[in-house]
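J.: I am attaching a structure below and will ask some questions about it afterwards.
The numbers here are math on the coordinates, done by the rules we state, and not lab data. Note that the structure is predicted; figures quoted are calculated from it, not measured. Virtual Cβ from ideal backbone geometry, glycine too; neighbours counted across all protein chains shown.
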Amino acid sequence: MPDICRLDAYDRALLSLLQKDALLTAEELAGEVALSPSAIARRVRRLRDQGVIVDNHAVVTEKIGPFLTALVEVQLAHHGIAQLEPLFHKLMAMEEVQVIMDVAGSMDLVLIVAVRDLDSFNSFADQTLAGDPLVRRYETRLIKRRRKFTNAWPIELN
């Protein structure tokens, strides 16, 4: 169970705004949230210190070059955490693995993998999944087009 931080309406409003644009300054945030820029800066610093805000990053589009994105469902051969650590460690270190999610159902993991082309994906799948004794089987769905892409949590403002 995650460690839940108590958030008031100001914290929620700030988080909602920062998820949309992490580059907003305290002065710009003060235009939307009824607090002084210094109070906002303190709150944002506290939210970072508490681990509520963990990262700021740029989201780029396919304009930087062609990509092939795949949704990969993985069924594991074992379920013991100690047995799975090597696989998780390997997947976490791979730049092409964008998302790793434990899921319920007939499959155990869902990965989102981004590579240059189909040959690159086949190489990834052969080396990383097919060659790993911890992987019982996997299924791949190639992403044709992104209609929406976000990692923002829906934060209720009440």
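J.: If I fit a long axis through the Cα atoms of helix 37-49 and take the longest principal axis of the Cα atoms of the chain, what angle between them do I get, 0 to 90°, rounded to 10?
T.: Long axis of 37-49 versus the principal axis of the chain: about 30 degrees.
J.: If amide H atoms are built 1.01 Å from N in the plane of the peptide, which residues on other chains or at least 5 residues away come under 5 Å of the amide H of residue 77?
T.: 135, 136
J.: So, one more: Rounded to the nearest 500 deg cm²/dmol, what is the calculated helix-only ellipticity per residue at 222 nm for the chain, with -39500 (n - 2.57) per DSSP H run of length n ≥ 4?
T.: Rounded to the nearest 500, the figure is -9500 deg cm²/dmol.
J.: I've got another one for you. Please list 72-81, 45-54 highest first by mean number of surrounding beta-carbon atoms within 10 Å per residue.
T.: Sorting 72-81, 45-54 by mean packing, highest first, produces 72-81, 45-54.
J.: Give me the orientation-averaged projected area of the Cα convex hull of the chain, in nm², one decimal.
T.: 11.9 nm²
J.: Using the charge dipole of the chain (Lys, Arg: +1 at Cβ; Asp, Glu: -1 at Cβ; taken about the Cα centre), state which of 98, 87, 127 has its Cα farthest towards the positive end.
T.: Working it through, the farthest residue towards the positive pole turns out to be 98.
J.: Now for a different question. Ordered by residue, what ³J(HN,Hα) values in Hz, to whole numbers, does the stretch 10-19 give under the Karplus form 6.51 cos²θ - 1.76 cosθ + 1.60, where θ = phi - 60° and Gly and Pro are x?
T.: Whole-Hz 3J(HN,Hα) from phi for the stretch 10-19: 5, 4, 5, 5, 4, 4, 4, 5, 5, 5.
J.: Would you list, by chain and number, the aspartates and glutamates whose Cα falls below 20 Å from the Cα of residue 90, excluding same-chain residues fewer than 8 positions away?
T.: Excluding near neighbours in sequence, the set is 73, 102, 108, 126, 132, 139.
J.: Can I ask one more? Might you report the magnitude of the Cβ-based charge dipole of the stretch 62-143 about its Cα centre, with Lys and Arg at +1 and Asp and Glu at -1, to the nearest 20 debye?
T.: My answer is approximately 60 debye.
J.: Tell me, what is the FRET efficiency for residue 42 and residue 153 to the nearest 0.05, using R0 = 22 angstrom and their Cβ-Cβ distance as r?
T.: It comes out at approximately 0.50.
J.: What would the Debye equation give as log₁₀ I(q)/I(0) for the stretch 62-143 at q = 0.12, 0.14 Å⁻¹, counting only Cα atoms as equal point scatterers?
T.: -0.33, -0.44
J.: Name the lysines eligible as straight-distance cross-link partners of residue 148: C-alpha to C-alpha under 23 Å, and not fewer than 8 places from it in the same chain.
T.: Hits, sequence-local ones excluded: 20, 63.
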